[in-house]
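Undergrad: Attaching a single structure in structure tokens format; questions to follow.
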Amino acid sequence: MLVELQEVTRRFGANVAVDGLSLVLPAGEVVGLLGTNGAGKSTTLKLLAGLLYPEAGEVRVEGKPPRRVRGRIAFLPERGQLYEWLDAKGAVGLFTTLYPDFRPRRFYELLEQLEVPQRSLSQMSKGQRARFLLAATLARKVRLYLLDEPLGGVDLITRDRILAALVSEWREDATYLLSTHEVAEAEGIFDRAVFMKEGRVVLSASAEELRERGQSVAQAFREVLA
Amino acid sequence: MNLFTLELRKHRLLIAGLALLLLVWGAWLARGVTGGDPLLTLGLALSSLLAIAPFGVLVPIVLARALAGEAAGPLAFLLASPRSGLAHVAARFGVGFAALGVYYAALVATVHWVAAAAGVRYDAWLPLAVWAYTIAGWTAPLLALGLVYGLLVSAYRPGRGGQIVAVAASAGVLAGWSWLGRFALERLGFLPQLPLPLVVLPEKVGRFLGVAGGPLDLKTALEPLVQGVPTAPIWVGLFVTLALLAVAARLWEEAEWA
């Protein structure tokens, strides 16, 4: 298994963000991490990225603690920012310095596919920045992509572009775990949907299993999380 | 663009501010040297140096604040990278060190120029030694401490209680600095010493101080009191810097980033 979380708990003061969460994900799936606000999605992604430690339980990526395999995990933070004056060329310089697996050619292809203009970040709109950062994240060649709300705060057309980019990027040896509220728009691309509520996984079902239940992801979302 | 270039560009306003400060100060002194009394200008240069030199403290403060402000921004991308924390810390430290290295070199060079115009003679290595002392004994450890402080604040986000502890710790840092200075001078006397530099002040200064008989030779005057200049503070400063950078790199890699 590529990703394993066993009985993971993480609190912030009195607030229990993740509460005894267990989840196992194989390679080669696009997984939707779904839940209402405060369900623990971002914390789960940060635990997998190695930015947070679990208070209890174990987090494993490729059988190891995430910090030991940081080079094989790409993380797109929810409110990602970069140096404001960076343009595509500058970002290539930065990301090739930070990440040996960064693919400049793929980055440029993704920028084109996502219709990101050739200008600095400071001159871009919110949606354009989001696409720029997504392109930079997807241009890495890793086993695990953690995308925190990549569809948040963007218009419908942009959402379609992002989803198309994700589909075009899919590889058999990699897992894409993305948190989102935009269930209806994104459900066509999920191989699996993981529903979180109050820091726990309440349902993890493949698209096939949901179909057998006669439910769309959106319907399951309403039923499980209501 | 590498990390060093990015950090340099990020802090360009601070660097430009320091450069402007130097330009204004240099121009003021140049006017004194060319249109006034060079010896009097040297006195002004030395006294104003006490006011202008501490501006270098702004660099570690700004670098530390930048770290705290970035935790939810660019830092997320930097932190998630597999490159060692030392690479990131080194880039930030390198920028601060380069900026302050040039700043203090310009200060020393300006005073050197005014002193030469005023007729003060001294060994050619003296300006370089003063600069090295400033950089190794003061600037480098302060910068490294600023990075550790910034990383601690960004990683652990102390509340009001933690901030009170931090302020108290700042006083502790001053005490620690003083203790280290005494330790270097009293216990590390076996480390190499620099010879007493030759410094000869013009006759006018001697007359002003009531010493007759030509230029005032400070080396001859000081030789009965001290035999050399200890280099121990430089070594202690470098050791403390390396230790603090190691702590900063460890914090970078091991701390949590919510």
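The values are calculated or read from the model by the stated rules, or taken from the named source; none is laboratory data. Predicted, not measured: the structure shown is a model, and the values here were computed from it. Counting neighbours? That spans all protein chains shown, and the Cβs are built from the backbone with ideal geometry, glycine included.
Undergrad: Filtering region A:161-178 down to residues that are surrounded by 13 or more Cβ atoms within 10 Å (Cβ to Cβ) and not hydrophobic (A, V, I, L, M, F, W, C), which residue is nearest to A:LEU146 (Cα to Cα)?
TA: Across region A:161-178, the extreme among qualifying residues is A:TYR176.
Undergrad: Does at least one position in region B:10-22 carry a residue that is more than 26 Å from A:ARG129 (Cβ to Cβ), surrounded by fewer than 16 Cβ atoms within 10 Å (Cβ to Cβ) and within 14 Å of chain A (Cβ to nearest Cβ)?
TA: No, region B:10-22 contains no residue that is more than 26 Å from A:ARG129 (Cβ to Cβ), surrounded by fewer than 16 Cβ atoms within 10 Å (Cβ to Cβ) and within 14 Å of chain A (Cβ to nearest Cβ).
Undergrad: What are the residues in region A:193-226 that are assigned to a loop (DSSP other than H, G, I, E, B) and among the charged types (D, E, K, R), if any?
TA: Correct list: A:GLU198, A:ARG213.
Undergrad: In addition: Just one of the numbered conditions (1) more than 10 Å from chain B (Cβ to nearest Cβ); (2) closer than 20 Å to B:GLY85 by Cβ; (3) crowded, with 18+ Cβ neighbours inside 10 Å is not true of A:LYS64; which one?
TA: In the conditions (1) more than 10 Å from chain B (Cβ to nearest Cβ); (2) closer than 20 Å to B:GLY85 by Cβ; (3) crowded, with 18+ Cβ neighbours inside 10 Å, A:LYS64 misses (3) alone.
Undergrad: Mind listing just one residue for me: the one in region A:53-69 that is touching a Lys or Arg at 6+ places or on another chain (Cβ under 9 Å) and in a helix (DSSP H, G or I) and, of those, nearest to A:VAL16 (Cα to Cα)? Write out each step before concluding.
TA: Step one: list which residues in region A:53-69 are touching a Lys or Arg at 6+ places or on another chain (Cβ under 9 Å), which gives A:53-57, A:61-62, A:66, A:69.
Subset that is in a helix (DSSP H, G or I): A:66, A:69.
On the way: A:PRO66: 21, A:VAL69: 26 Å.
Restricting to residues being touching a Lys or Arg at 6+ places or on another chain (Cβ under 9 Å) and in a helix (DSSP H, G or I), the top hit is A:PRO66.
Undergrad: Would you mind finding the one in B:THR5, B:THR41, B:THR34 that is touching a helix residue (DSSP H, G or I) at 6+ places or on another chain (Cβ under 9 Å) and within 14 Å of chain A (Cβ to nearest Cβ)?
TA: Among B:THR5, B:THR41, B:THR34, only B:THR5 is touching a helix residue (DSSP H, G or I) at 6+ places or on another chain (Cβ under 9 Å) and within 14 Å of chain A (Cβ to nearest Cβ).
Undergrad: Against the conditions (1) at the interface with another protein chain (Cβ under 10 Å from one of its Cβ atoms); (2) within 18 Å of the chain's Cα centre (by Cα); (3) surrounded by 18 or more Cβ atoms within 10 Å (Cβ to Cβ); (4) not in a helix (DSSP H, G or I), where does A:LYS46 fall short? Just the number, please.
TA: Of the numbered conditions (1) at the interface with another protein chain (Cβ under 10 Å from one of its Cβ atoms); (2) within 18 Å of the chain's Cα centre (by Cα); (3) surrounded by 18 or more Cβ atoms within 10 Å (Cβ to Cβ); (4) not in a helix (DSSP H, G or I), the odd one out for A:LYS46 is (4).
Undergrad: Before we move on, is B:LEU63 closer than 30 Å to A:PHE75 by Cα, part of a helix (DSSP H, G or I) and over 20 Å from the mean Cα position of the chain (by Cα)?
TA: For B:LEU63, the condition - closer than 30 Å to A:PHE75 by Cα, part of a helix (DSSP H, G or I) and over 20 Å from the mean Cα position of the chain (by Cα) - is not met.
Undergrad: Now for a separate question. Please determine, by comparing only the residues of region B:66-106 that are in a loop (DSSP other than H, G, I, E, B) and not hydrophobic (A, V, I, L, M, F, W, C), which one is surrounded by the most Cβ atoms within 10 Å (Cβ to Cβ).
TA: Among residues in region B:66-106 that are in a loop (DSSP other than H, G, I, E, B) and not hydrophobic (A, V, I, L, M, F, W, C), the one surrounded by the most Cβ atoms within 10 Å (Cβ to Cβ) is B:SER81.
Undergrad: Within region B:107-117, is there a residue that is under 13 Å from the mean Cα position of the chain (by Cα) and either in a helix (DSSP H, G or I) or β-branched (Val, Ile, Thr) (or both)?
TA: Going through region B:107-117, the residues under 13 Å from the mean Cα position of the chain (by Cα) turn out to be B:107-108.
In the following step, the residues that additionally are either in a helix (DSSP H, G or I) or β-branched (Val, Ile, Thr) (or both) were identified as B:107-108.
Yes: region B:107-117 contains one or more residues that are under 13 Å from the mean Cα position of the chain (by Cα) and either in a helix (DSSP H, G or I) or β-branched (Val, Ile, Thr) (or both).
Undergrad: Same structure again: Could you tell me which residue of region A:94-137 is modelled with the lowest pLDDT, considering only residues that are loosely packed, with under 14 Cβ neighbours inside 10 Å and part of a helix (DSSP H, G or I)?
TA: Going through the qualifying residues, I end up with A:LYS126.
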